[in-house]
Structures are given as C-alpha cells and as structure tokens.
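First the structure, in the form of structure tokens, and then the observations on it.
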Amino acid sequence: MRRFTLPFLALLLSAGALRAEEGMWTFDNVPRKLLKERYGFEPTQAWLDHLRLSSLHWGGASGSFVSPDGLVLTNHHVARGSIGRISTKERDLVKTGYVARTRDEELKIPGLTVRTLVEMVNVTAQVNEAVKPGMKEARALEARRKVHEALKDETAKRTGLQCDMVSFYEGGESWIYAYKVHTDVRLVAAPELQIGLFGGDPDNFTYPRHDLDFTLFRIYEDGKPYKPQHWLTWSKEGAKHGELTFVSGHPGRTSRAWTYGRMTHEKLFAAPLSLRLLEKNRAALEGFAARSPEHRRQVTTRILGVENSLKASRGYFNGLNDVEGMKSVKAKEDALKSQVMGDLRLKALAGGAWPRIEQALQAREAWYKEPALVGALNSQFLGSALGLVRLAEAKAQPASQREAGFDTDAKLEAAAKRLTAEGPAPNLELEEHLFRSTLEVAQAELGAQHRFLQIVLKGRTPAEVAKAAVSGTRIHQTAFRKELLEGGAKALEASTDPMVVLARAIAPLAADVRRKQEAFDTVLAENSRRIAQARFELEGRNAYPDANSTLRLGFGRIETYPASGTLVQPFTTFGGLYDRHDGWGGNALAAHNGAWVLPERWLEARGKLNLSTPLNFVHSVDTIGGNSGSPIVNAKGDVVGLLFDGNYEGLPSRYFYDSRVNRSVSVDVRAIVEALDKVYDAKHLVKEVLGQ
Amino acid sequence: MRLRPALLAAFALALVARADEGMWTFDNLPLKTLKEKYGFQPSQDWLEHVRLSALSFGGGSGSFVSRDGLAITNHHVGRGWVQSVSGPGEKDFIKHGFLARTRDQELKIPGATLRTLMAMENVTEAVNAAVKPGMSAAQATEARQNALKGLREARGKATGLAYSPVTLYQGGEFWLYGYKVHRDIRLVMAPETGIAAFGGDPDNFTYPRHDLDFTLFRVYEDGKPYQPAHHLTWGTEGVKLGDLTFVVGHPGSTQRLITHAQMLHARDTTLPARLASLETMRQQMKAFAAQSDEHARQVNTRIYGIENSLKALSGYLRGLKDVEALKGIQQREQELQAKVATDPKLQAEAGGSWKAIAQALAQTRDLAFETRYVSARYSSLLPVAVNLVRVIEEGAKPEAQRLKGYRAETELKTMREAALRPLRAGNAELDGFMLRKGLEEVEQALPAAHPFRKALLEGRSAGEAAKSLETSKLADPEVRRALIEGGAKALAACEDPIVRVARRIAPMLAAQARRQEAAEATVAEHGARIARARFAVYGKSQYPDATGSLRLTFGPVATYPANGTLQQPFTTFHGLYDRALAWGPEAERGAWSLPQRWVEAKEKVNLSTPFNFVHAVDIIGGNSGSPVLNAKGEFVGIIFDGNIEMLPGNFYYDGKVNRGVTLDARAIREALEKVYDAGFLVDELLGKR
C-alpha cells in the first residue's frame, strides 16, 4: 500500500492536496492500522460485518439494504435493464420514472437476483495441499481446481448458500464466498432517465456532475417484504468536505498487476490501434450520417456509443502516456524484480517470467493487428456466416478439441439459437457501407499483401467486394440461416451465397489468429501468476489483490482536485443542476441530443426544492467499474451517498492509482430524500429510509 | 484570418462551433469573411458608432453606455480608482461596494483620465519618406522617430486631440491615433470585490465562472455629465449559444509573429527557468508561512501572486508544448521563407534573419540558468548597493564608456537620486528568511569555484554569510550619501558587507546584461526585418500583433471541450450559489465566500439569469472591460477574462479551445435592480431617463 503510493507522495505534497487512499480491500483484510494512523478510526469486527451484510452483489454491480423492510438502493444505470424489462412501448418506465404508492404497486422484475455475501472461507491451505511434489504445472493447476471445487460443493451443502470459488493475488489465496440469493426483487421507485443520466454522454465519466442516479427496489421472501438482519441507517446530515467515507462494493477488474512491459506494449501498439479503429469507425458512421437526416437518425445511437468508447479509451490510455505514473510503475516493478532475483527460490519461480512475457509481447508485435481485423469486418452478415461455419466445424469435432465457446453441448446449443434468432430488419445500405469501410481500414492497417486481404479481395476493390457480398447474400433471412444450420457442413460447403463463400474462405485464417491469441494469453496468464505469487510471498497481505468482482472496502475523504486551472468543487447542488440546464439553453435548445434536458416534473419542482441540497460529491476512494451502486458510509456506518461514476482523470486507475486526481463520484443521500419528498411526493419512502 | 491547417483537422473532428482568429484594426476589417461566414456586413456608421463608444482605460478597455456619459468597465480594471476614493471601515468600497444614489454622491477620482479614439491617420508614407538613401539602420530609425514626432505635434496643435504614434506590423505601418481625453471621471457604482472576483485566485483565468466584474463611472465635462456623441444601446435580449458577438477593445500585446526558434527558446529555456525560480520562491514563502498563522498572514497575498504567475506561465508553456500547434507555426514560417526566397530584394534583407535569431538565442542559452543565480535578488539592499557602486564608478568615466542607463548626465543624476532615496520599511524577518534561503540556493546550485558564489559567500556557509550581510548599515541614506560624496576612494575603503559583495558582483551583472542586450538587439533587428518582409508578402491580409491599440474581434457564443465533457456556454446565478455552497465561506482563504448582500439576495434574484458566458473571440490582456456587442451593435456583455486554455493565445490562436469569458449584460441589470436597488441606473442604461 505505502510502497505503491510513495512515488506519488512527492507530487502530492507539492500539489498541496490532502492524502488520498489507494486500495480495494477484502473484508477479511482491512488495513486497520493504516485507518487508525491516518484517520484515527478503527472499525470493529461488528462494524465491518454490518457493512458487509448490508451490501449486495448486483450482477456486475453493487447495492445495499437501506430499511428493515428489505428496501434496497442501487444506481438507476444499474437498474435500467431491469426497469426496461417491465416497460412497454406505451408505458416506458425508464423514461417516465416510477413510484409505487403502496406495496401492492411494487413491480416484480422477472429473473432478477441479487446476493448478500454471508460467509467467506479461506481454503488456501487445503487447496495447496492438493499439490504433491513433482507434479507438473498443468496437473498441479488441475489438482488445485478439483479440491477447490469439492470444497465449494461441500460448503454449499453445509450452508445451503450459493458458493463461488474465488482466488486472490493471482492464485496466492483460495477462498469460498458463500452468498444468500434473493430472487424476488421488486421495483419501488425510479427517477426519470433524464435526471438519472443528466448530462448524457458528454458528462458521462466526468465531474462536476448533477445526476440523481438512484433506484429503490424491495426484496421479498415468501411473498412478504424480506427482513434483513443488517441494513444501513440513512444519514440525515450527509457528509462534509474533508470527511472520511467508506465504499463497500464489487469492483470488476483492474490491470494494475500488469508488467511494465505489458503496459508499454499496450501503449505503443494495442492502444493506438484500438483508438484508430474507433476513430475510423466513427468516421465511417459520420460518412453514412452525412447522406441525409434519415441516414443520420439511423446511426445516431451508434455514433454516440463509439464516441463514448473513444472517450473512455482515451481516458484509460492517458494513464499509459502519463510519464510520472508509468515511472512509478517501473520503479515498483524494478524493486520487486531485485527482491525476486535476490532469493533463489523466488528466482526459480518467477525470475524467468518477465523475459518470457517480454518475448511473447515482442513476438506479438508482428501480428497484434490481426485479432482486431481478421474476422467479420464490422459486418453483421459476415459475422453470421462465420458463426455458422464455426459451429458446423465444432460439431464435427470431439468436445475436447473444440475452441472455447463451443466446448460443451450447452454452448453449442446456445450458439445455434443465437445464430438463427429473428433479428431486426437488416439495413443493407449501412451493412455495405460499414463492410466496405472496415475492409478499407483492414487494407490500410495490414497491407494489401496480407493473406487475409488476398483471400477477401482477390484483386477486387473493397467497394466491389462489399457490394457483391451484401447485395448477393440471403444470410439476413432467418429461414436461410436455419437451412444452413440444419444442412450443416455439407450445406455450407455447397452454398454459393457470397457471404458463405467468403466466410468459408477466411475461417481457417481466423481460426489461426484465434489460436495465436490463445497461446499468447496462456503465456501471459501463467507467467503473470508466477510474478503475482512471488509478490504475494514477499508482501503477503500488506497489499490488496487486483479487483475481481468480489466485495471490497475502500476509503478516503471527500476531497477536491485540480482541473481546468482551478480546484473542482467538492459538492454540487440542485442549484448547479438548474445552472447547467439553463446554461445549455434549457429544453428549448435541447443541445447535444438533449443531454441537459430536464423532465417536466423537474422544471415544475424548481420552486419547491431546496436548491442548496447537495446533489453529487467527489471523494478519494479507489473504485472502478462494478462499484456502481455501492453504498457510501461515514465512520458511524450510516449511508451518506451512492457511488455512480468516477471523474475523467480517474480513468487511468485501470493501470495505476493517482491520488492527486483520481476521484469517485457519488449521489448525496440528501438529494435522494429531497427529491422523493418534493419531486416525487413519496413521503412514505422518506419515512421508511429515515426510519420514522 | 487563416486557421492553421493542422488545427483545422482536429477542430472539425471536435464538431465545435467555428472560431475566429484575429484582432483587427478598424481601418482593415475582414469584411469579406464576416459576410461569407456570418452573412453580416457592418455599415460604416455601425463601425464608427462602436468605435466612438469605446473607451481606453489605461491598460484596460471600456465603453459609454448612456447618453449622460455613464462609462462601464471591469471592476478589476477600475479597482485602483475605487481604492483611491476608499477609506477605512464603511468607506472601504473595495470590500463593501459603492453606489451613488444621486449624481451629487458620485465620487470624483483624482487624476483619472479616459480616452476615446476620434481620429486614425496612416502616416506610413510620410514617415518612410524621412529615410534618405545611404542612411544606416540606426539613422533610419531615428529619422522615422523624428518624423513621427513632428507629425504628432502638428496634428495635436491643429485638432486639440492627444495623438499617440501606433506602429503596426512591427514597422510595416505607422499611424497616428488621435484621442479625446476625459479628465473628470466619477465613481457611480461598484459591486463588492467578493462578487466581482468571486472564486478569487483559484478561479482566475478559468471557466465556468460567476463574476459580477463591472464598475460604472460617469464622465463629466465642465462640471456637468458629459454627453458623448456615441454610446452603446443596452441589448435587453442578450445572446444565445451560436450568436455572433463582437468585442471592441485594446488588446495589450501578443507575440504571435516571433520566429519558431524564439518559441522553442521560450519553451525550452526561458519559461522553464522562470517557472523553476517561481516554484522555488513559492516553496520558500510557504516555508515562511508554515511557522505560524501570523507568518502565513504576512505572505499569503504574495504566495497567491506567485501562484497566479505560475498558473499563467504554465499556461503559456502548455501552449508551446502543443506539438500540433508548433508544427503549424513552423509550416507557416517555411511558407514565408519560401516566398521571401523568390524575391531577391526581400531575400537580401531578411533571408538570413531566421538563422541570425536562432544563433543569437543559442548563444544565450546558458544565461537562463546564470541569471537565476547571478543576480542581486537575495537582499533588498543588494540592488541599492549595486546601483551605488555604478553611480560612483560610471560617474568617474567619460560618457562614451559608461554603462547603459548611466550614460547621459541626466541618467546619472536619476540614478544618483535613486541611490539616496530612503527605503520603504520592509518585513525584516521575511527579508532575513529569504536571504538565508537564497544563499542556500546558491550554495546548492553553484560550484564552490564559481566567481559569483565566491563573491557572495566568501567561502562561508550560507548561514554565516547571511548573518554577516544582515549587519549592513546601507539602509541608512546617510551612509550612502557619505559613500557617494567620498567617491571611488570611499567605496574602495568601505567594509560594509553588502557593499563588499556589490563591488565584486557589479561587473558580473554588467557583463551578463551586455550579453543579454547584444542578443536582444540582434533579435530585435532581425525580427523587424522579418516583419517588413512578411508585410511585403502578405500586406494587410493578416492582422497585426496586439499593441494596445483599438481592435475589433468577433466570434460566436461557443462551448469547448474540457475535463472529458463540453463546457456549458452560459453560467447562471444558480451556478453562483451552487459553487458558493459547495465550498462554503472558509475554503481557500474565502475564495468563494459571498458578500452578505448576496447571501440575502438569493430569494430575490431570478436564479436562471445568465451570468457569464464564453465565446470564440480572439482577446488578450488589455481587452478587460471591452464591450461585447451583438450584430445590432447593442451592448450584451463585458469581457473580463479568458479560459485557462486561452493562455497560449500569447503565441498562437487555437479556435478549438481559446475562449473569452464575459459578464452577461442581463446579470448586470438583474443585480442592479434586485440586489443593489438601483433601478434608476437600469432606467438610465435602458435609455428610459
């Protein structure tokens, strides 16, 4: 922990900012000493258990219990899919929002389950015992997995809970996480999309922000509101600038354990390529949109999606281009290397891992463009045809030899279903346009002499290939795809459909590329694990493990950061919401696809709301995708906020944490209460969360 | 009006509104561009009206906004004048604001003057005619100066106007600008500094902003309100996103026509050195402040001053580090070089000038480091002592051999008087602290054998040397008088520690200055040659660098990308309270603390009133207070700052992000009506009385 922050500390002090905290800690290993030293706060076991048992795992995100009657809180953007599922064209609850006035009106979400982490069992010793001296790597791995799985099943049987095998520190520790699963989840209150996502794509990933990004659900059991043993008390006062906050949630994935070499490869090759491809894709879509307003309408959502990916990717890659940040990554790695090299056993374990990774990365420089370009070329049609060809091939093979994704019968069935599903009406013009432009990109990136281009073009121009294939194919017809599926390899072999012909021609090459990528991934995984194991042996549990969607605790103060030449305000208020709405010309102008438009109800509420109510705030807690919906609690354990995003400057935290500017963005609970009370006329919910 | 191609590409990608480069003189407006891009053709009357409504406020700008001579500028432009009529307590108008409820209450500002540009005359031909064949460069310059001086006096006598010479295009054109001077200026209304400069130092140079940065004065003539022939009509509708705006004002100076080599020199040598010195000074001041709250109080203003300079210089440096922008500058330079090369006369005059400048700069590269340490900055007495040494030593030499600044008898006399002047009482503790810190720097940065270190420390540690230097008696003017009267002999015999150091470092400083001046002379001479060549090639298709003369610039109200999103084009009073509440009154020395009147006004003002906005106009320091007009020529706002991304505008204009920050006229009206209860002023501004 300290080891990681030290190189930044110097900069930090010169920036005059408060110290901020790096770390996504597992609940069994909270850095209590650090908390006590820096904040004079030492959580008791009861405090930690209470927070853990009030937290919820929400698919790829997080949530928490906030009332004794099973009311749960998460983000609107986490709940959006669920709300969409119970919406209809006529009754679009995502757009209009929803408030259940009575419990009868609470709407069950079909298929939605959420989980509470009830038990964590450390089974590292048993799992490691499975490995007998002399076992080879692959066998050892298998032995471990078997024991781990048996222990999981045993725990599940003993507790009646849903159990996951979990490993931390890249295999350094093995655990069983046991969850209570809630299967009856009902919608209680959701704001309108336009206030939940105020600022739309432009403001996404940024701060200052003005989003009421929350939704309330209720968990039921046996048809009655569930009474959780633990739920978070709602803070009336909220938190102040400088106050310590805690976040309890499920960060998804970080790449902080990557070697410096791997980050450098990403910076020099993979990242620029992916930015170029996104930019080219955007240019192609813009070219299509420029044809007419109707063309633009057809691709507006796609353009916004690409722009959002561009923005996020640029943000991530900013980290790789941050000289100071990368210097500290390098310094950390050099220190680890010299420790490893100084210990014979560790040297035998991991000394060779860095050069091995380096070698694989260097070899990849020759073909790193292929995985992104050798394939369906941004064409849905070619994608379908390739899928059918791969499926037929897989069916002809024994399960053990099939590629990942086709290695069980269930997967084969799912693929068949997917490939013959009725899709939306095809847009032939767009299909041809994207196929052609992506083929041009492939030509420019790989060179016309590349085998893939030779096979696809056969002396023709990309425009000719795209035109012939798209206008001549029937692959967009569901019946035709079913026919091919049923006819299997034979039917595919005999088909003269131009897309099928093309798919057949490129399938072997695409498979080669996948195999190359798989072999590369294996080398990196195995050697990364060795390095991680060495690091774990040296540092043990003084460090936190990379994120893996398990429950973690983070902490830090509500704190400003420097941006645009000034200091960013720690809180925003409802006043700021209306400022940004008015500042962009309001609903009348509806600038940038209506990003800052407000629902009618919110325009009417302007006179009723206390405009000084804090709406969002920034704090120095270490979070990443997956933390969305995490409760933010104060030292008393009361919920003061609801995490929903990070700032733009924090995106590089995928690779390393920079306390100067890395911030999380949360909804203030006072805004939720004020809105429920004044805008949604939901006093019953205010009373429930405030325990009145 | 050429957007650099390199920028244009990035610009189109960002899908941001078009932005317009150029600070145009009124005799040479890009009318064709205005018509083609905006379908707008200002009439001669329109132009005359806005020019004659504009005012020059010393280093800032302003305008007439009522029939009865009401003049508006920024609070930060008028602050000195408000200060000059302020007193303690209730009369601290800087803090509490000021409002004259009747004309009797308007406060006359002693010594204040304002100017309106009445006449512009191109005298290039007459000035150049003064240069006769066979004259040397220096003789030619002098002949031009004399001709300009003669013309200026003649015009002044003939018209009664105050004429100033204006050199445009680095000597490509010479003009005489004739001003009507107003000498009776009275304060009418000033808001509290807390609202005029809301956000204080942190928010300075930035956007989104929430500043009511205006002040109203009234011009009087013969004891009565002056009735200007032209004043701006108040635009009650305001502007919206995308609307075309005009700015009429006095941009101070830009360096957009310096060579690529000069920019690289600033980027790699001078700016980093200045930033490093400022950073060191900041750290020293912070160390002083860390001793106690009282110590902090004593130096906080200085620290913020340093931080503001750091902010501005870092902004310049960021601009120069912009690879694309610098590439564009280099391309344009190569284009010009190619054009010059095709004309033998131009080639002979300026073909070698780029290289000459680059060489001169290369030879002074080490000076940036040297001047950081070889300097008299360590003690406030050291410059006094160095001056004393020079007055005595130079005075003893024949005039031709004297140092610059000590050459003529009059110059020598001025310097002697300066040497005898009593010193302002300083903060002795701070001086001692900074002396020790400065000497420690020298100890760390310069090798023991460095002559300057030897002279300053005389082999002692920084602490010992500081202790010794502090015993100097030079603060006493009588000690200095005795030395001057005693001449070279007394000086040589003087054992005062500061004098001892000054004697030894004076020649080092002189040598350094000579090198610096020689390089500067080369750069100036060849810079002028390039400028003349550029003017010969491009003529007036380009705008001249800012020189403090009246200019027109235009562009739409426009957002720009920052922090991963797009900045809102307008802020509102909502945003003011949002920011004030978010920070509270204590944060950052009260930067966001609101005056009590504004705390109470929250219920009264229409919170949706547009407050500040950003527009794509090309402005720079000196434009502060410039009226912002709509196409009808109505007053819709007043420029008070640029965004942080505008700072590189000193060197080049980047339409993607360079924005002016303006106080919206609607906010002024709302504040006067609802907060200051000054409906009578609103009536006057709206022409209702």
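The values are calculated or read from the model by the stated rules, or taken from the named source; none is laboratory data. Given the structure is predicted, the values throughout are model-derived calculations rather than measurements. Methodologically, a virtual Cβ is constructed for each residue, glycine included, from the backbone with ideal geometry; neighbour enumeration extends over all protein chains shown.
For segment A:510-523, does any single residue satisfy the condition of being closer than 30 Å to A:Asn616 by Cα, out of contact with any Cys (no Cβ under 7 Å at 6 or more places or on another chain), of a type in the set (A, V, I, L, M, F, W, C) and assigned to a helix (DSSP H, G or I)? Among the residues of segment A:510-523, not one is closer than 30 Å to A:Asn616 by Cα, out of contact with any Cys (no Cβ under 7 Å at 6 or more places or on another chain), of a type in the set (A, V, I, L, M, F, W, C) and assigned to a helix (DSSP H, G or I), which makes the answer no.
Condition check ((1) more than 20 Å from A:Ala61 (Cα to Cα); (2) assigned to a loop (DSSP other than H, G, I, E, B); (3) β-branched (Val, Ile, Thr)) across all residues:
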| position | (1), (2), (3) |
| --- | --- |
| A:Asn593 | yes, no, no |
| A:Leu598 | yes, yes, no |
| A:Arg601 | yes, no, no |
| A:Glu604 | yes, no, no |
| A:Val621 | no, yes, yes |
| A:Asn627 | no, yes, no |
| A:Val661 | yes, yes, yes |
| A:Leu676 | yes, no, no |
| A:Glu688 | yes, no, no |
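Listed here are the residues, each with its yes/no results for (1) in contact (Cβ under 8 Å) with a residue 60 or more places away in the chain; (2) of a type outside the set (Ser, Thr, Tyr).
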position	(1), (2)
B:Gln145	no, yes
B:Leu176	no, yes
B:Asp184	yes, yes
B:Glu192	yes, yes
B:Ile195	yes, yes
B:Gly199	yes, yes
B:His210	yes, yes
B:Thr215	yes, no
B:Pro228	yes, yes
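Residue count for segment A:562-587, restricted to those that are more than 7 Å from every other protein chain (Cβ to nearest Cβ) and modelled with pLDDT of 95 or more: 6.
Here A:Leu502 fulfils each of the conditions (1) at pLDDT 95 or above; (2) in the same structural domain as A:Asn29 (by TED's automatic domain parsing); (3) out of contact with any Gly (no Cβ under 6 Å at 6 or more places or on another chain); (4) crowded, with 21+ Cβ neighbours inside 10 Å apart from (2). Here B:Tyr543 meets each of (1) within 14 Å of another protein chain (Cβ to nearest Cβ); (2) within 29 Å of B:Asp20 (Cβ to Cβ); (3) surrounded by 21 or more Cβ atoms within 10 Å (Cβ to Cβ) with one exception, condition (1).
Considering segment B:192-227, and only residues there that are in contact with a His (Cβ under 9 Å, 6 or more places away or on another chain) and of a type in the set (Ser, Thr, Tyr), the residue that is farthest from the other protein chains (Cβ to nearest Cβ) turns out to be B:Tyr220. A:Arg390 satisfies every condition listed in (1) surrounded by 14 or more Cβ atoms within 10 Å (Cβ to Cβ); (2) out of contact with any Pro (no Cβ under 9 Å at 6 or more places or on another chain); (3) under 20 Å from A:Gln298 (Cβ atoms); (4) charged (D, E, K, R) except (3).
Checked against the criterion of being surrounded by fewer than 18 Cβ atoms within 10 Å (Cβ to Cβ) and either under 30 Å from A:Leu361 (Cα atoms) or free of Cβ contacts under 8 Å to residues at least 12 places away in the same chain (or both), the candidates A:Lys311, A:Lys267, A:Lys240 yield just one match: A:Lys267.
Condition check ((1) surrounded by 19 or more Cβ atoms within 10 Å (Cβ to Cβ); (2) polar (S, T, N, Q)) across all residues:
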{"position": "A:Gly81", "(1), (2)": "no, no"}
{"position": "A:Thr88", "(1), (2)": "no, yes"}
{"position": "A:Asp92", "(1), (2)": "no, no"}
{"position": "A:Val114", "(1), (2)": "yes, no"}
{"position": "A:Asn128", "(1), (2)": "no, yes"}
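Screening A:Val665, A:Val673, A:Val661, A:Val679 for residues that are buried (at least 24 other Cβ atoms within 10 Å of the Cβ) and in contact (Cβ under 8 Å) with a residue 24 or more places away in the chain leaves exactly one candidate, A:Val665.
The set of residues in segment B:598-614 being over 20 Å from B:Phe640 (Cβ atoms) and not hydroxyl-bearing (Ser, Thr, Tyr) consists of B:Val599, B:Glu600, B:Ala601, B:Lys602, B:Glu603, B:Lys604, B:Asn606, B:Leu607.
Note on segment B:376-405: residues that are in contact with a helix residue (DSSP H, G or I) (Cβ under 8 Å, 6 or more places away or on another chain) and closer than 23 Å to B:Thr522 by Cβ amount to 4.
Candidates B:Arg318, B:Arg332: the one that is of a type in the set (D, E, K, R), under 28 Å from the mean Cα position of the chain (by Cα) and within 14 Å of chain A (Cβ to nearest Cβ) is B:Arg318.
Selection of segment B:561-593 for residues being hydrophobic (A, V, I, L, M, F, W, C), more than 7 Å from chain A (Cβ to nearest Cβ), within 28 Å of the chain's Cα centre (by Cα) and more than 13 Å from A:Leu567 (Cα to Cα) yields only B:Leu576. Residues in segment B:249-271: is at least one touching a Pro at 6+ places or on another chain (Cβ under 9 Å) and either within 14 Å of chain A (Cβ to nearest Cβ) or closer than 22 Å to B:Leu114 by Cβ (or both)? Scanning segment B:249-271, I find at least one residue that is touching a Pro at 6+ places or on another chain (Cβ under 9 Å) and either within 14 Å of chain A (Cβ to nearest Cβ) or closer than 22 Å to B:Leu114 by Cβ (or both), so the answer is yes.
Select from segment B:650-679 the residues that are within 14 Å of another protein chain (Cβ to nearest Cβ) and not acidic (Asp, Glu) and write down the one among them that is surrounded by the most Cβ atoms within 10 Å (Cβ to Cβ). This residue is B:Arg659.
Output yes when any residue across segment A:217-230 is at pLDDT 95 or above, touching a Ser or Thr at 6+ places or on another chain (Cβ under 6 Å) and not charged (D, E, K, R), and no when none is. Yes.
Go through (1) touching a residue at least 24 places away in the same chain (Cβ under 8 Å); (2) of a type outside the set (D, E, K, R); (3) closer than 30 Å to B:Thr522 by Cα one by one and return the number of the condition B:Val299 breaks. Single failed check for B:Val299: (3).
The residues on offer are B:Ala71, B:Ala112, and the sole one that is in a loop (DSSP other than H, G, I, E, B), surrounded by 15 or more Cβ atoms within 10 Å (Cβ to Cβ) and within 26 Å of the chain's Cα centre (by Cα) is B:Ala112. Considering segment A:360-378, and only residues there that are touching a residue at least 60 places away in the same chain (Cβ under 8 Å) and not hydrophobic (A, V, I, L, M, F, W, C), the residue that is surrounded by the fewest Cβ atoms within 10 Å (Cβ to Cβ) turns out to be A:Glu365. Scanning segment B:229-253 for residues that are surrounded by fewer than 23 Cβ atoms within 10 Å (Cβ to Cβ), of a type outside the set (Val, Ile, Thr) and out of contact with any Ser or Thr (no Cβ under 7 Å at 6 or more places or on another chain) turns up B:Ala229, B:Trp234, B:Gly235, B:Glu237, B:Gly238, B:Lys240, B:Leu241, B:Gly242, B:Asp243, B:Leu244, B:Gly252.
The set of residues from segment B:561-580 being in a loop (DSSP other than H, G, I, E, B) and modelled with pLDDT of 95 or more comprises B:Gln567, B:Gln568, B:Pro569. All told, B:Met120 falls short of being in contact with a Phe, Trp or Tyr (Cβ under 7 Å, 6 or more places away or on another chain), under 30 Å from B:Ala580 (Cβ atoms) and not in a helix (DSSP H, G or I). Of the residues making up segment A:594-623, just one is surrounded by fewer than 24 Cβ atoms within 10 Å (Cβ to Cβ), touching a strand residue (DSSP E or B) at 6+ places or on another chain (Cβ under 9 Å) and β-branched (Val, Ile, Thr), namely A:Thr613. If you check A:Gly84, A:Gly63, which single one turns out to be part of a helix (DSSP H, G or I) and under 21 Å from the mean Cα position of the chain (by Cα)? Within the list A:Gly84, A:Gly63, the selection yields A:Gly84.
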